[in-house]
Amino acid sequence: MSFNHQQSAHCESGVMSSLLTHAGLPISEPMAFGLSSALAFAYLPLVKLSGMPLIAYRMPPKHIIKTLSKRLGVRLHTATFSQPKKGQEALDRALDQGRLVGLQSSVFWLPYFPAEMRFHFNAHNLLAYGRDEGEYLLSDPVFEEPVRCSAEALHKARFAKGALAAKGLLYWLDDVPLEHDWLALIRKSILSTARILDGMPLPWIGIRGIDHLANKINGLDLNAKKYNRLYLTHIVRMQEEIGTGGAGFRFMYASFLQEAGVLLADEQLQTAAKELTQIGDQWRQFALLCVKQSRGKDAGLGMQPIAQALHAIAQQERALFKGLALWAKQRQ
Amino acid sequence: MKLDDVPQDAETSSYAGHSKLLYAVDQQGRYQGAQSAGWDAENYATQQALAELELLEQEAWHGWRSGQLSPLPCLMYRYRMDELALAQVTGLWRWRLRRHFKPQVFARLSRVVLARYADAFGLPLEQLLAHQQGTVHEL
């Protein structure tokens, strides 16, 4: 199969970008991310990761695959398996038919990941495009080049148990329409993102969630140094480490706004892209503040400057997405 | 973020020589993908999480050496899990996990239950059986 690997910032948007491009509809990663309304923020105290609350800068796993397929009118074929053996057979069959196959897997059991990046995250996405001498030929979107993986290791990764278990999920796209009403798609997706960020009644979701996190940081007990260090660096990891394209997906979404602005020759979207880039820079500054505090360099200042930086971000994101929601409703 | 500001902190990087993709703007403000060799701040955050797991593993190892703990907690941290994650992966309740952390309970575990742990850690069952019989002194 002739297939061009393309490195991406995030696994799910990268996989969808590659699948659609391969099917003849070239779509960039930021476009796949934006059109599926994947940008978000959520502070979920009840979902624990190593004893820390889940802090998400995007919609939950599988959102991009499902939403983008639906909006583009693509037929998405998916299958999960109760018996691992059947899952392997189905993958082999699809590859033998010349399909490009999306797979959900654990990060921990993929041997080509650097040891320091291997954590138990079961909702990683990658593409399989062939087999060769008992190994699978994989296009893992976050890597620079295609990789190879033994059948045994891939098998273990696809069927790893635990939270968000993939159960061998594989998927491919059928019948990809090539003509689209881009204005309608962009309006719809931006409106949906504005609602998630600035229209949810829950205090943990969207921009209210950002303010909530700021209050949590402000309320940290300054004497609990070790907990604070782990808590603040946990936030930084969620924001930067887990393939986000920088600043918790804000740069990627700004890139989408810019591309949409060029496509529709729309000044307002391009201005919004600039503003979100500046907000993204502030997210990076916020990450630096968290790390400085953890390293004990700003220890005397306490948590207030960090919380204030976050409140400022929340305020600007609210203003930006109010403007974008208005644009989406009024643009003809 | 401008292209020039894309961090290239390769010396402290946790990417093991790999680069990852970020989105940044050029002089004219146009977005493009840019490879980053690593960022100090991010790497520091990753190292905190790893160091904490190593510390917990060390403590559990000493607990095992001194006969206060079964080998399971040490292996749990070594394979980057906590109680919640191990409970989810093995499908066992947390209170059962905690019982299995006691050496005397661990010694009586059935092959079926041990196999669940072996699978969770990606270890051969024989290795856990050997620990159960106390024939190995390494962990």
Any idea which of (1) more than 8 Å from chain B (Cβ to nearest Cβ); (2) surrounded by 17 or more Cβ atoms within 10 Å (Cβ to Cβ) is the one A:V291 doesn't satisfy?
-> (1)
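Only one residue in B:A45, B:A10, B:A41, B:A16 is touching a Lys or Arg at 6+ places or on another chain (Cβ under 6 Å) and not in a strand (DSSP E or B). Which one?
Going through B:A45, B:A10, B:A41, B:A16 in turn, the sole match is B:A45.
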Identify, from the list A:G243, A:G248, the residue that is more than 11 Å from chain B (Cβ to nearest Cβ) and closer than 30 Å to A:V107 by Cα.
-> A:G248
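Residues checked against (1) open to solvent by less than 10 Å² (accessible area, probe 1.4 Å); (2) away from chain B (no Cβ under 11 Å):
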residue	(1), (2)
A:P26	no, yes
A:A32	yes, yes
A:L44	no, yes
A:S50	no, no
Filtering region A:251-288 down to residues that are assigned to a helix (DSSP H, G or I) and away from chain B (no Cβ under 12 Å) yields A:L263, A:E267, A:Q268, A:L269, A:A272
Is it the case that A:L230 is of a type in the set (A, V, I, L, M), farther than 17 Å from A:L35 by Cα and open to solvent by 10 Å² or more (accessible area, probe 1.4 Å)?
-> yes
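Yes or no, residue by residue, for (1) in contact (Cβ under 8 Å) with a residue 24 or more places away in the chain; (2) basic (K, R):
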site: A:G248; (1), (2): yes, no
site: A:Y253; (1), (2): yes, no
site: A:Q285; (1), (2): yes, no
site: A:R295; (1), (2): no, yes
site: A:M303; (1), (2): yes, no
site: A:I306; (1), (2): yes, no
site: A:L310; (1), (2): yes, no
site: A:R318; (1), (2): yes, yes
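May I ask you to list the residues in region B:7-33 that are more than 29 Å from the chain's Cα centre (by Cα) and at the interface with another protein chain (Cβ under 9 Å from one of its Cβ atoms)?
Just the residues of region B:7-33 that are more than 29 Å from the chain's Cα centre (by Cα), to begin with: B:23-33.
Matches in region B:7-33: B:Y23, B:A24, B:V25, B:G29, B:R30, B:Y31, B:Q32, B:G33.
Have a look at B:E83, B:E57 and point out the one that is more than 7 Å from chain A (Cβ to nearest Cβ), without any contact (Cβ under 8 Å) to a residue 40 or more places away in the chain and in contact with a Cys (Cβ under 7 Å, 6 or more places away or on another chain). Spell out how you get there, then give the answer.
Working: B:E83 fails: in contact with a Cys (Cβ under 7 Å, 6 or more places away or on another chain).
Answer to the check: B:E57.
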In region A:40-99, what residues are in a helix (DSSP H, G or I) and closer than 30 Å to A:I186 by Cα?
-> A:H63, A:I64, A:I65, A:K66, A:T67, A:L68, A:S69, A:K70, A:R71, A:L72
Condition met for A:G261 (surrounded by 16 or more Cβ atoms within 10 Å (Cβ to Cβ) and on the phi > 0 side of the Ramachandran plot) = no
List pairs: first in region A:53-64 and more than 17 Å from A:G34 (Cβ to Cβ), second open to solvent by 40 Å² or more (accessible area, probe 1.4 Å) and among the charged types (D, E, K, R), Cβ under 6 Å, 6+ apart or cross-chain?
-> none
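Scan region A:113-167 for residues that are among the hydroxyl-bearing types (S, T, Y) and more than 17 Å from A:K86 (Cα to Cα) and jot them down. Break it down into steps so the answer makes sense when it comes.
Kept after step one, since they are among the hydroxyl-bearing types (S, T, Y), are these residues of region A:113-167: A:129, A:136, A:139, A:150.
A:Y129, A:S139, A:S150, listed by residue number.
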Being under 30 Å from A:R99 (Cα atoms) and either in a helix (DSSP H, G or I) or modelled with pLDDT of 95 or more (or both), is that true of even one residue in region A:194-214?
-> no
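Just give me the residues in region A:131-154 being crowded, with 18+ Cβ neighbours inside 10 Å, within 20 Å of A:H22 (Cα to Cα) and either in contact with a helix residue (DSSP H, G or I) (Cβ under 7 Å, 6 or more places away or on another chain) or not aromatic (F, W, Y) (or both), in sequence order.
Filtering region A:131-154 down to residues crowded, with 18+ Cβ neighbours inside 10 Å leaves A:136-143, A:147, A:149, A:154.
Still in the running and within 20 Å of A:H22 (Cα to Cα): A:136-143, A:147.
Result: A:Y136, A:L137, A:L138, A:S139, A:D140, A:P141, A:V142, A:V147.
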Filter result for the condition that a residue is polar (S, T, N, Q) and in a loop (DSSP other than H, G, I, E, B), over B:Q88, B:Q132, B:Q68, B:Q127 = B:Q68
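The values are calculated or read from the model by the stated rules, or taken from the named source; none is laboratory data. This is a predicted model, so every value here is computed, not measured. Here Cβ is always computed from backbone atoms with ideal geometry, including for glycine, and neighbour counts include all displayed protein chains. SASA here: full protein model, heavy atoms, side chains in, ligands and nucleic acids out. Shrake-Rupley method; radii C 1.70, N 1.55, O 1.52, S 1.80 Å.
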